[in-house]
Amino acid sequence: MRAFDYVRAYDLSTALHEGGRPETRFLAGGTTLLDLMKCGVERPARIVDITRLSGLSDIEVDENSIRIGGLARMSHVADDPGVKAVAPAVSEALWRAASAQLRNMAAIGGNLMQRTRCSYFRDPVAYPDCNKRQPGSGCAAMAGVNRNHAVLGTSNACIAIYPGDLGVSLVAFDARIHIEGSRKRVVSAEEFFYLPGDRPDIENDLAPGEIIVGIEIPVSAALRRSHYLKARDRASYEFAAASAAVGLELAPDGKTIREARVALGGVATRPWRARTVEQALAGQPLQESTFREASALAVEGAVSRGHNAYKITLAPKVVARALMVAGGLT
Ligand SMILES: Cc1cc2nc3c(=O)[nH]c(=O)nc-3n(C[C@H](O)[C@H](O)[C@H](O)COP(=O)(O)OP(=O)(O)OC[C@H]3O[C@@H](n4cnc5c(N)ncnc54)[C@H](O)[C@@H]3O)c2cc1C
Ligand code: SF4
């Protein structure tokens, strides 16, 4: 591991000043950053510890929105009574992520910034070919073992999955990410995460030195009737093979879908909003056949690279099942 300087910031302006210097990374829970430093993917010259910044760990819920500080711990958000009541899919996405120990350490901003679990990406010594680490070097996963790689949103440069769970729920429910750097700005969760294109090394809208200070989720009828379902190889401590964050708003008759929200995880290069499924559900009767037919659209345009073909079969089933739970049909 490269030797690095360590700085602890106690206020936001110091963190932004220190974080704006070259080759610097912020440290929150450290559960991703330190892993990546140990395997040689991240080699910062300086680390700015932001865990002692005050005022960035609050969780506020009212009838209009949920506001969560960028340093709030995953476990605190997952277990917050207001979040559980108003946004089940957000709480469930966090509960189903990682392990209890990790959730107690890790913060919301760091969770959104986590990097892919592509095993070729994480082993620079054995696999020098990785366009995400070194643009133009190639992609070892294309002809390699790609069971855990994306079928949606891929490019000829990279097929790595965005592995997080929370981001999927945020994209489904139009969350906004609050960022501070040389200026304050707000970006929608959907726009925050980038497709790989020919620059898979540029993964999101955060510039060097900027800090995620919070997220804001509008409260809606669909969010109140929401669910996050995660299919994975084992029941805990595992990333998604396919997941779905869904929400339903019903018409006053209780039998017709007025509005649906659907986003997928574990299958795409970024949290994947499935608007064609949402459109197919609007105005339809609340019944299993509606969900199954619409969910088939979730993988429109999907491309298999071999080992990951099962995701194209699995994802629609996960979406349909999640909708059944949200709709109270199971
Ligand atoms: C074994 C294992 C299993 C896991 N399983 C899952 C899973 O199933 N689902 C899931 O979603 N995640 C999973 N994770 C990922 C885990 O959730 C992340 O490691 C964690 O959320 C990262 O948060 P952190 O606070 O530790 O970030 P750090 O490691 O401190 O930081 C990560 C990155 O984010 C940057 N950063 C941190 N905070 C901010 C901020 N506020 N603003 C700007 N940049 C910031 C850092 O500079 C760094 O680049 C798993 C991790 C491990 C190790
Ligand atoms: S899929 Fe992306 S991250 Fe994985 S080896 Fe290929 S370029 Fe690198």
Filter pass, G197 being touching a Gly at 6+ places or on another chain (Cβ under 8 Å) and either assigned to a helix (DSSP H, G or I) or more than 10 Å from ligand 1 (Cβ to nearest atom) (or both): no
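Looking at segment 204-213, can you tell me whether even one residue there is within 16 Å of ligand 2 (Cβ to nearest atom), of a type outside the set (F, W, Y) and in contact (Cβ under 8 Å) with a residue 40 or more places away in the chain?
Checked against the condition, which is being within 16 Å of ligand 2 (Cβ to nearest atom), of a type outside the set (F, W, Y) and in contact (Cβ under 8 Å) with a residue 40 or more places away in the chain, segment 204-213 yields at least one hit.
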Here are the criteria: (1) within 9 Å of ligand 2 (Cβ to nearest atom); (2) among the polar types (S, T, N, Q); (3) under 24 Å from M74 (Cβ atoms). Tell me which single one T154 does not satisfy. (3)
Taking segment 63-99 on its own, how many of its residues are touching a strand residue (DSSP E or B) at 6+ places or on another chain (Cβ under 7 Å), within 15 Å of ligand 1 (Cβ to nearest atom) and outside any helix (DSSP H, G or I)? 8
Across segment 92-121, which residue is surrounded by the most Cβ atoms within 10 Å (Cβ to Cβ) among those that are more than 16 Å from ligand 2 (Cβ to nearest atom) and polar (S, T, N, Q)? N111
Any residue in segment 164-178 that is surrounded by fewer than 18 Cβ atoms within 10 Å (Cβ to Cβ) and either of a type in the set (S, T, Y) or not in a loop (DSSP other than H, G, I, E, B) (or both)? no
Hey, C130 of a type outside the set (G, A, S), within 16 Å of ligand 2 (Cβ to nearest atom), more than 22 Å from A222 (Cα to Cα) and surrounded by 19 or more Cβ atoms within 10 Å (Cβ to Cβ) or not: yes
Could you count how many residues in segment 154-163 are more than 16 Å from ligand 1 (Cβ to nearest atom) and closer than 16 Å to R115 by Cα? 3
Residue in segment 136-145 that is of a type outside the set (K, R), under 22 Å from G265 (Cβ atoms) and without any contact (Cβ under 8 Å) to a residue 24 or more places away in the chain present: yes
Reported set for segment 267-301 where residues are buried (at least 20 other Cβ atoms within 10 Å of the Cβ) and closer than 26 Å to V145 by Cβ is V267, A268, T269, R270, P271, W272, A298, V299
Test of understanding: among R199, R176, which residue is basic (K, R), touching a Ser or Thr at 6+ places or on another chain (Cβ under 8 Å) and either free of Cβ contacts under 8 Å to residues at least 40 places away in the same chain or more than 9 Å from ligand 2 (Cβ to nearest atom) (or both)? R176
Quick one: how many residues across segment 100-144 are within 16 Å of ligand 1 (Cβ to nearest atom) and either part of a loop (DSSP other than H, G, I, E, B) or under 17 Å from the mean Cα position of the chain (by Cα) (or both)? 21
Filter segment 1-36 for residues that are surrounded by fewer than 16 Cβ atoms within 10 Å (Cβ to Cβ) and among the small types (G, A, S) and give the result. A3, S13, G20
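Here are some residues: S188, S236. Which one is modelled with pLDDT of 95 or more and either closer than 17 Å to A87 by Cβ or surrounded by fewer than 23 Cβ atoms within 10 Å (Cβ to Cβ) (or both)? I'd like the intermediate steps shown before the answer.
Values: S236 fails: modelled with pLDDT of 95 or more.
Answer to the check: S188.
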Check L12, L27 and return the single one that is in contact with a helix residue (DSSP H, G or I) (Cβ under 9 Å, 6 or more places away or on another chain) and closer than 20 Å to G214 by Cβ. L27
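The values are calculated or read from the model by the stated rules, or taken from the named source; none is laboratory data. Predicted model, so just to flag it, every value in this text is computed and none were measured. Cβ coordinates were reconstructed from backbone atoms using ideal geometry, including for glycine residues, and neighbour counts include every protein chain displayed.
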